[in-house]
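Working notes for the structure below.
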Amino acid sequence: MRSTLRAFAVILCCLGSPVQAAGIQLLESDPALSGAIWYPCAAEPTHVALGSLSAGADFDLKCAKDCPVTGAKFPLIIFSHGRGGWFGANHDTAEVLADAGFVVAAINHPGDTFSDSSRRDTLSVWGSRPADIVRLLDFVLNDWKDKAVIDPAKVGFFGFSLGGATGFVLMGTKPDFARVASVCKETIGACAQLHNGETPPDPLRDARIRTAVIVDPAPGVLTRENLAVVKVPFQLWRSQFGGPGVGDGSGTARVAEGLPGKPEIHVVPAGHFAFLAPCSAELAAAVSRICTDIPAGFDRAAFHREFNGAVVQFFREQLGGGER
């Protein structure tokens, strides 16, 4: 399954690639850092035959894998995927950022991916997820073989769904677990742990993060009071109709209304999964749940052209760009 996922990562990074594709290096040696780094690359994409992802899904694509990094002083953007997701969930946004002069790094959150749910519904995920991002940031800035191309003073964050809530924690928010305990009725998972008096993990802030794009964040632990401590400039996107993890959209609307200052807020007339990368026909057939948009007829590909452009513009305004 892991080898299939890594092949899938390469497949997704290459779909719809321009004449010169964003470079990508896969992180495979450490299970705690399983993911990818995208970066500016001048090499032409090469022919990559990856075989079958699943029954009826054969891929024969072009991709710039392991090409040399071109340029210097690049800002770094760290990605955090949603609950039960994986590092390539927003691959198209990562590619566009790399083409625009950013280095982008993303990993699977151990215990909270599509293939590993060991931490997914526990309190521990609120400690492990921020720690995963800190570990990734440490690796890219200190140990990545091409670390010299990064400007360590220019670090941004991109988080989708629970990844968005993870970003708020990293920016200083202390999750309101008392509120969650007062409304949740489940007898398993985090609710049961809270009702049994278990102590949630202490929040982990990382001051290296200078700005963020927060996309349809999971709203359960977020309140007007705990969001007031956020001083980092950020851009917020939310879906009008919501979906798994964010309810009917009213929760993220409440989050938006309680934000301090005047952050840039975008409301998209679609469901939660519209923020995931556009699906190929093969992926739509294999995992229709994340590829079916609300309302019917919503053009995810057209929306992502607008979305990705706005994300690039925001990060450029906040962090500048590298030298290519």
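The values are calculated or read from the model by the stated rules, or taken from the named source; none is laboratory data. Fair warning: this is a prediction, and the values are worked out from it, not measured in the lab. A quick note on method: Cβ atoms are made from the backbone with ideal geometry, for glycine too, and the neighbour counts reach across all protein chains shown.
Listed by position, the strands (runs of 3 or more DSSP E) enclosed by region 33-138 that each have at least 2 residues that are at pLDDT below 90 and of a type in the set (D, E, K, R) are 57-63. For region 260-282, the condition holds for at least one residue, the condition being that it is modelled with pLDDT of 90 or more, over 21 Å from residue 100 (Cα atoms) and of a type in the set (Phe, Trp, Tyr). Of 229, 255, 287, all but one fail to be at pLDDT 80 or above and within 21 Å of residue 165 (Cβ to Cβ); the exception is 229. In contact (Cβ under 8 Å) with a residue 24 or more places away in the chain and in a helix (DSSP H, G or I), is that true of residue 169? Yes: the conditions hold for residue 169. Go through region 201-219 and give me each residue that's surrounded by 20 or more Cβ atoms within 10 Å (Cβ to Cβ) and either of a type outside the set (Ser, Thr, Tyr) or over 23 Å from residue 155 (Cα atoms) (or both). Selection gives 209, 212, 213, 214, 215, 216, 217, 218, 219.
Residue check: is residue 265 surrounded by fewer than 19 Cβ atoms within 10 Å (Cβ to Cβ), within 19 Å of residue 82 (Cβ to Cβ) and not aromatic (Phe, Trp, Tyr)? No, not satisfied.
Can you find a residue that is surrounded by fewer than 18 Cβ atoms within 10 Å (Cβ to Cβ) and either modelled with pLDDT under 90 or touching a Cys at 6+ places or on another chain (Cβ under 6 Å) (or both) anywhere in region 295-308? No; the residues of region 295-308 include none that is surrounded by fewer than 18 Cβ atoms within 10 Å (Cβ to Cβ) and either modelled with pLDDT under 90 or touching a Cys at 6+ places or on another chain (Cβ under 6 Å) (or both). Looking at region 142-157, is at least one residue touching a helix residue (DSSP H, G or I) at 6+ places or on another chain (Cβ under 7 Å) and free of Cβ contacts under 8 Å to residues at least 24 places away in the same chain? The answer is yes, given that some residue of region 142-157 is touching a helix residue (DSSP H, G or I) at 6+ places or on another chain (Cβ under 7 Å) and free of Cβ contacts under 8 Å to residues at least 24 places away in the same chain. One residue alone among 236, 283 is touching a helix residue (DSSP H, G or I) at 6+ places or on another chain (Cβ under 9 Å), assigned to a helix (DSSP H, G or I) and buried (at least 20 other Cβ atoms within 10 Å of the Cβ), and that residue is 283. Given the structure, is residue 165 surrounded by 23 or more Cβ atoms within 10 Å (Cβ to Cβ) and either farther than 28 Å from residue 102 by Cβ or touching a Pro at 6+ places or on another chain (Cβ under 7 Å) (or both)? Yes, satisfied. Consider region 196-233 and keep the residues that are among the polar types (S, T, N, Q) and part of a loop (DSSP other than H, G, I, E, B). The one that is nearest to residue 255 (Cα to Cα) is 223. Candidates are the residues of region 286-303 that are in a helix (DSSP H, G or I) and in contact (Cβ under 8 Å) with a residue 24 or more places away in the chain; the one that is farthest from residue 237 (Cα to Cα) is 286. Exactly one residue out of 125, 140 is among the hydrophobic types (A, V, I, L, M, F, W, C), crowded, with 19+ Cβ neighbours inside 10 Å and in contact with a His (Cβ under 8 Å, 6 or more places away or on another chain), and it is 125. Summed over region 139-166, the residues that are in a strand (DSSP E or B) and modelled with pLDDT under 95 give a count of 0.
So that you can scan it fast, the table gives a plain yes or no per residue for (1) basic (Lys, Arg); (2) more than 21 Å from residue 308 (Cα to Cα):
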{"position": "174", "(1), (2)": "yes, yes"}
{"position": "200", "(1), (2)": "no, yes"}
{"position": "203", "(1), (2)": "no, yes"}
{"position": "206", "(1), (2)": "no, yes"}
{"position": "223", "(1), (2)": "no, yes"}
{"position": "252", "(1), (2)": "no, no"}
{"position": "259", "(1), (2)": "no, yes"}
{"position": "265", "(1), (2)": "no, no"}
{"position": "271", "(1), (2)": "no, no"}
